[in-house]
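Any read-out appearing in this document is the output of simple, stated calculations on the displayed coordinates, not a laboratory observation. Treat the numbers as computed from the prediction; the structure is a model and nothing was measured. Here the Cβ positions follow ideal geometry from the backbone for every residue, glycine too, while neighbour counts run over all protein chains shown.
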Amino acid sequence: MTLADRPQTQDVPAGDRENRRERPRFARGIRSHELQSPAHERRAINVAEAERAVSVMAGSILAVAGVKRRGLPGLLIATLGGGLIYRGATGHCDVYESLGVDTAGAEAGAIAARGVHVAESYLIRKSPEELYKFWRNFENLPRIMTHLEAVRVNDDTHSHWVAKAPGIAGGKVEWDAEITRDEPNTTIHWHALPGADVDNAGAIRFDHAPGDRGTLVHVMLDYIPPAGQIGRLVAKLFGEEPQQQIKEDLRNFKRIMETGEIPSIAGQPRGACTGLGKRRTE
Amino acid sequence: MKALVWCAPYKVSVENVPDPKIINRRDAIVRITSTCICGSDLHLYDGFIPAMKPGDILGHEFMGIVEELGPDVDKSKIKVGDRVIVPFPIACGSCFFCRRQLWSCCDNTNPKPYLAEKAFGFSPAGIYGYSHLTGGYAGGQAEFVRVPFADVNPQKIPDDLPDDKVVFLTDIFPTGYMAAEQCNIQSDDTVAVWGCGPVGQFVIRSAFLLGAHRVVAIDDGATVPERLRMARDAGATTIDFHDESVYDRLREMTGGIGPDVCIDAVGMESHGYSPDAAYDRIKTALFMETDRPHALRQAINCCRKGGTLSIPGVYGGFPDKIPLGALMNKGLTVKTGQTHVHKYVPQLLERIRKGEIDPSFVITHRLPLSEAPRGYDMFKKKKDGCIKVVLDPTK
């Protein structure tokens with residue numbers, strides 16, 4: 001059964017590990033079509049349902065008022081109204097997009113709100129072949145993902161992952177994973193198997209970039225803690241800003257591949273002064 | 001080792017700190033023989049640049065001898081014992097930007113790019129000793145410094161050229177040169193330069209090297225007459241904006257059309273005597289504005305239609321009231337950027353070697369590193385005719 005074939009189901013209560021075979025609808029997996037359209041062509045829905053309805057209503061009122069009024073002011077009012085109608089109808093607001101606001105996301109369900117969803121693209125000056133080769137061997141991933149402690153590859157499609165979780169008893173979370181789609185030098189999809197401490201799925205795609213730019217790499221990662229652990233588990237795994245941490249980890253992939261190292265200032269010398277006249281005691 | 005450390009706005013001190021160590025496998029450790037205070041260090045000193053932490057070591061204009069190399073450094077490019085100048089932007093040599101000679105835009109050397117991304121959209125390269133916006137690297141106003149990507153960054157210098165002649169290849173000479181070179185200066189061009197600080201001095205001389213017909217240098221004769229004098233030494237015509245209207249003088253000099261090229265070598269801490277300068281003073285004092293772009297506004301206003309505006313002066317954030325209308329309607333070309341030092345070092349070293357320019361002209365004060373705080377104070381207040389301070393870390 002591939003990732004895309006999994007049945008849609010509602011969330012299951014905590015502790016019901018056997019039933020976790022049927023995933024929450026949101027975590028059905030990375031649908032392949034989501035990775036097929038380049039980011040710049042997707043017009044995402046970023047306005048919540050109720051807000052869209054209000055937008056259409058307000059826009060209609062303004063549009064009618066503007067048309068009746070005539071002249072330049074009327075034109076401006078009608079245009080504004082038209083914009084609001086468009087925004088309500090399509091669910092996409094350019095202003096929201098430029099501000100990075102997404103009120104629709106809040107409605108995607110409590111399930112979505114609990115997890116960490118990262119989609120990131122990086123341009124890497126290496127061939128798709130070199131990048132695929134590095135990523136396909138999951139044992140390489142702890143070199144770039146700071147939250148992973150180790151990955152052990154068991155066979156061609158199965159692996160065992162261990163992530164650091166200093167705030168949790170035992171200090172780590174683990175899961176088995178399998179590769180569900182593997183097109184050499186093009187894309188890899190994987191997900192955690194039932195019984196995972198943290199449900200998760202990931203996918204990576206490699207596209208030739210134009211000219212000599214190398215490869216455009218798109219990565220999507222989803223981590224869903226079990227119900228009943230709202231936010232806490234995720235924060236313990238990834239720190240206070242999980243989304244940002246994973247984005248930076250993916251940036252490490254670019255840096256390791258292009259330069260062989262991740263820039264760091266850890267352990268460099270610094271002075272002891274702590275402001276005006278005081279000194280830090282080491 | 002001794003190092004110059006930032007404690008608070010207007011407070012820097014020399015402290016004893018641990019020696020730097022190799023952190024990444026392509027690092028080098030350089031023993032510093034000469035290091036300078038830069039005009040942009042004054043923005044740190046004045047507290048204009050955010051993301052500074054007490055204890056940060058400053059300094060991005062330094063040169064010295066390679067003492068130690070990391071295990072993965074390409075030893076065919078650099079060896080222990082080599083005498084090098086180190087460009088102030090840290091580059092990897094492998095990314096999209098480095099490959100296009102946009103060295104100060106390197107994608108891979110800022111360990112904390114998300115800070116700069118918030119302000120700029122994308123993070124430029126890491127810089128030594130220039131706040132955590134550029135990665136928080138320990139700087140080179142010290143006895144030793146760690147230099148990443150040792151086979152890319154340090155530039156070898158022959159032994160027959162003394163430190164004084166070559167240390168400015170780290171920053172201010174390429175900065176002045178790039179600012180002028182980007183403008184495609186023609187032999188009939190009048191080039192107007194705002195700011196006669198060290199960078200401005202190199203802009204003036206670079207403009208002449210590149211064949212400008214005339215260079216006009218603008219600064220405040222009431223507070224820094226020595227800088228106008230140094231500009232005249234290079235052959236520039238000077239305008240003292242304390243006594244004269246810059247716009248009127250430039251207009252008169254160019255037959256009513258304005259200078260062809262206008263270069264802002266002042267940056268974010270501009271000062272002036274006009275209403276807009278007063279506005280900036282008040283707002284920045286109240287932390288309601290991030291920069292004081294008085295010189296930039298004037299440069300935009302004075303530039304001829306279809307001319308080129310070049311901005312080597314450093315800005316940090318979101319200054320007010322930029323005359324974008326003038327810029328657009330006059331069809332100005334804008335050239336700007338943190339200097340791509342690596343691109344210019346070979347050709348400028350050649351010019352120094354041929355005797356076309358001796359960069360040591362700009363040095364007015366030499367101090368031991370232990371007296372660096374006094375150097376900062378003197379440079380900030382422009383006391384004692386101070387134009388450029390070079391520090392000796394061995395004292």
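Please report, in Å, the Rg and the Dmax of segment A:115-259, where both are computed over Cα atoms only.
Cα only, segment A:115-259: 15.0, 50 Å (Rg, Dmax).
Along the Cα→Cβ direction, 7 angstrom out, place labels at residue B:351 and residue A:94. What is the inter-label distance in nm?
4.5 nm
As I understand it, the dipole of chain B uses +1 on the Cβ of Lys and Arg and -1 on the Cβ of Asp and Glu, about the Cα centre. Which of B:271, B:136, B:282 lies farthest toward its positive end?
B:136
Starting from the Cα of residue B:382, draw a straight line to each of the aspartates and glutamates and keep only those under 12 Å, dropping any in the same chain fewer than 8 residues away.
Correct list for residue B:382: B:220, B:226.
I'd like the isolated cysteines in the protein assembly as shown, meaning no second cysteine's beta-carbon lies under 4.7 angstrom from theirs.
Lone cysteines by the Cβ rule: A:93, B:36, B:38, B:92, B:95, B:98, B:105, B:106, B:183, B:196, B:302, B:386.
So what's the protein assembly as shown giving for Rg/Rh, alpha carbon basis, Kirkwood Rh from the mean inverse pair distance?
Value, to two decimals: 1.02.
Can you quote the Å³ per residue value for the convex hull of the Cα atoms in segment B:83-203, rounded to an integer?
So the per-residue Cα hull volume is 151 Å³.
Report ³J(HN,Hα) in whole Hz for each residue of segment B:170-175, in order, from the Karplus equation J = 6.51 cos²θ - 1.76 cosθ + 1.60 where θ = phi - 60°; Gly and Pro get x.
6, 8, 5, 5, x, 5
Give me the distance in nm between label points sitting 7 Å out from Cα along the Cα-to-Cβ direction at residue A:153 and residue B:334, one decimal.
Taking the simple label geometry, residue A:153 and residue B:334 are separated by 4.9 nm.
Which of the trypsin sites (Lys or Arg not before Pro) across segment B:329-363 are loop residues per DSSP, with 10 or fewer other Cβ within 10 Å?
For trypsin sites (Lys or Arg not before Pro) across segment B:329-363 that sit outside H, G, I, E and B with at most 10 neighbouring Cβ atoms in 10 Å, the list reads B:354.
Can you give the convex hull volume of the alpha carbon atoms of segment B:232-314 per residue, in Å³?
107 Å³
Rounded to a whole number of µm²/s, how large is the Stokes-Einstein D of chain B at 37 °C and 0.692 mPa s, given Rh as the Kirkwood radius over C-alpha pairs?
155 µm²/s
At a temperature of 10 °C and a viscosity of 1.306 mPa s, determine how fast segment B:173-336 diffuses translationally according to Stokes-Einstein, using the Kirkwood radius over alpha-carbon pairs as Rh; express D in µm²/s, rounded to the nearest whole number.
Estimated diffusion coefficient is 103 µm²/s.
So which GluC sites (Glu not before Pro) in segment B:300-382 pass both tests, a DSSP loop state and at most 12 other Cβ atoms within 10 Å of the Cβ?
Counting only loop positions with at most 12 other Cβ atoms within 10 Å, the GluC sites (Glu not before Pro) in segment B:300-382 are B:356.
Highest first, please rank the peptides B:129-136, B:161-168, B:310-317, A:177-184 by the mean number of other Cβ atoms sitting within 10 Å of their residues.
B:129-136, B:310-317, B:161-168, A:177-184
Go through segment B:231-238 residue by residue and turn each phi into a ³J(HN,Hα) via Karplus (6.51, -1.76, 1.60, θ = phi - 60°); whole Hz please, and just put x for glycine and proline.
Taking θ as phi minus 60°, the curve returns 5, 5, 4, 8, x, 7, 7, 10 Hz for segment B:231-238.
Could you tell me the calculated FRET efficiency between residue B:288 and residue B:253, based on Cβ-Cβ distance and R0 = 56 angstrom, to the nearest 0.05?
After rounding to 0.05, the efficiency reads 0.95.
Considering the dipole of segment A:115-259 built from charges on the beta carbon (Lys and Arg +1, Asp and Glu -1) around the Cα centre, which of A:150, A:211, A:201 is farthest to its positive end?
So the residue furthest toward the plus end is A:211.
Past 22 Å, Cα to Cα: identify those pairs from B:11/B:388; B:156/B:354; A:164/A:247; B:53/B:321; A:247/B:53, in the order given.
Those over the limit are B:53/B:321; A:247/B:53.
For segment B:207-253, run through the trypsin sites (Lys or Arg not before Pro) and keep only the ones in DSSP coil with at most 16 other Cβ atoms within 10 Å of their Cβ.
Taking segment B:207-253 and a limit of 16 other Cβ atoms within 10 Å, no loop trypsin sites (Lys or Arg not before Pro) are found.
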